[in-house]
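> Quick one: this structure, given as structure tokens, is what I'll be asking you about.
None of the figures in this text is laboratory data; all of them are computed from the coordinates on show. Note that this is a predicted model, so its numbers are computed, not measured. FYI the Cβ positions are ideal-geometry reconstructions off the backbone, even for glycines, and counts take in every protein chain you see.
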């Protein structure tokens, strides 16, 4: 039994990462070498690719409302061209060693870690909070219960200030409180134990709704409400609270959310509008991104205990969002240089030392607005634009329109997922040892790479979302009912670029891809088949061979030759192929989300396994034919030894020289 307790709990995810290469493979030396859009050349090809998408599991591609399946102008079910373009462009990036920098938002992740053992962030957070640097002035304080007389310890953030946040004239501003009244611990807000009798007797309403101040109630949600209060003779201890106007001093009562054993409520004195602190755009953007990343999970772990789960979750989302125009809310904050740390609880979420982009290899980092990029295949084929240079895409995607039986179903899952803040997943780890975990606070951290979802044979049922009414409902098209047909128009591509596009579309027999909503649960698994490729023939349009159908169709052998030409029979991303190989699907229980209620995610101390580790440990996922075994035996490395002749690997800023053109 003791060994069972020590055994590691499940660690896994429905996604994994294709590792980034240290160097980007460059296709063109400069924008001057890029093919012109308005020329006809024997070295360049233009035409169209017709393809079929067959759903292998139920599929959901959301329309404008996010719930119903997308329909085109003719009211037909379809996959938008922009959605399919995104999938294929991502594949091109991976298999051609293109940069990921254009797709990464550069922001600093925020975090809070106040509990847990052997957590790398707990110590970091304590440093932020003041254990070593006296940042927020955390102090442990003994508090005696009025009812039981029991003494318990609480942590107080002495240096965190309270104030009021509002949105005025296009800026977020924090105003302080009246500064002549401070509690006995010299803070400008008051701590209240929720078990105090005068707190329990309190009856408050906001917008006609009764506010629940009992932290043990299953319907308790974060709140702030106008109140009045009185203090003792020292003016530093609150002795009573009532509705606004009952007592001489005004302010807000704040409850920042339910938590095990939590007893804290706070009183924020009234606003002082003589001066305010303008929050920098950088800090606001980081807060917005942080909120969006956690929005879908707010309140979901306790919503099932509430009498109205939907309202419960919305209350959490409203409380932790930024204020709307001219709205004023209590807030906790501390200015620190250019940053203003702020939030709706004294234990603030703070910034890591480094932004996400700091974890990219140098070649992959975003291009400066006034600099020309490294012209990899993705930028050269799909376009790129900044203040220095602009180049239009040479591939265009129509909507893929559905034909077949419209058997519509319903999906219901929790769409919130671990995001980049999960350093165990998104940051490359060199060790499985919990004592050597790398976070965004480390100077040498590296991102894991391109995020990809595992295939599934069947939909993974998320019974919790249905039972607890906390999932997102959406419309699905069931499998084995029909197919989607689409067209990709290409213009002035070299043969190797066309071959690359074909490889990104169709990886071969036994391979599938994912698209649309709820991919973590197995929705959106599709098979892409190239039906035909037609090349525009200038002689049939402008020469003596004039024809109203100025196209020449590629034979199957020519198509295979184009695909081989792109890589000279060499696989540039074995990891991607492993994830999209229908014969290498891991056990469904090994690629599910960790269960928050079972504390699998919160108590983890080891990182996500790599693709190679996970597939290698799966005894039931070996390829079924020897040729596939040969392909999948290849592994990715941080540098290339098998770059096709038309591309050259070089570091940013180096002279690239000439490359052969196809």
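> Please work out the FRET efficiency for the pair residue 210 and residue 483, using the Cβ-Cβ distance as r and a Förster radius of 56 Å; give the result to the nearest 0.05. If you can, show how the numbers build up before the last one.
Details: r = 55 Å, r/R0 = 0.97.
Here the calculated transfer efficiency is 0.55.
> Okay, next question. If each of residue 39 and residue 243 carries a label point 7 Å out from its Cα toward its Cβ, how far apart are those two points in nm?
Between residue 39 and residue 243, the label points sit 8.0 nm apart.
> Can I ask one more? Can you tell me the order of 485-496, 90-101, 319-330, 30-41 when each peptide is scored by its average per-residue count of other Cβ atoms within 10 angstrom, highest first? Kindly include the intermediate steps, with their values, before the conclusion.
Details: 485-496: 19.5, 90-101: 23.9, 319-330: 15.6, 30-41: 12.2.
With the highest mean Cβ count within 10 Å placed first, the list reads 90-101, 485-496, 319-330, 30-41.
> A further question on this structure: So what is the relative contact order of segment 346-442, in percent, for Cα pairs below 8 Å that sit 6 or more residues apart? Can you show the working numbers first?
Working: 61 pairs, mean separation 25.2, N = 97.
In percent, rounded to a whole number, it is 26.
> Now for a different question. How big is segment 161-351 in terms of Cα radius of gyration and Dmax, in angstroms?
Considering segment 161-351 through its Cα atoms, Rg and Dmax are 16.5, 46 Å.
> Hey, what did segment 161-351 get for relative contact order, percent, Cα under 8 Å, at least 6 apart?
On the way: 358 pairs, mean separation 51.9, N = 191.
Computed over segment 161-351, the figure is 27 percent.
> Grab the Cα-Cα distance for residue 234 and residue 388, subtract it from 0.36 nm times how many residues apart they are, and report the gain in nm with one decimal.
Going from the current span to full extension adds 49.0 nm.
> Between residue 179 and residue 311, what is the label-point separation in nm under the 7 Å Cα-to-beta-carbon projection?
Distance between label points: 4.2 nm.
> Could I ask something else about it? Assuming 0.36 nm per residue, please report the length gained on full extension of the stretch residue 159 to residue 555 beyond their Cα-Cα distance.
Details: separation 396, 0.36 × 396 = 142.56 nm, distance 7.30 nm.
Answer, rounded to one decimal: 135.3 nm.
> Take 234, 54, 345 and order them by how many other Cβ atoms sit within 10 Å, fewest up front.
Ordered from fewest to most neighbouring Cβ atoms within 10 Å, 234, 54, 345 come out as 234, 54, 345.
> Follow-up question, since we're still on this one. Between segment 61-84 and segment 301-380, what's the alpha-carbon centroid distance in Å?
With segment 61-84 and segment 301-380 each reduced to a Cα centre, they are spaced 29 Å.
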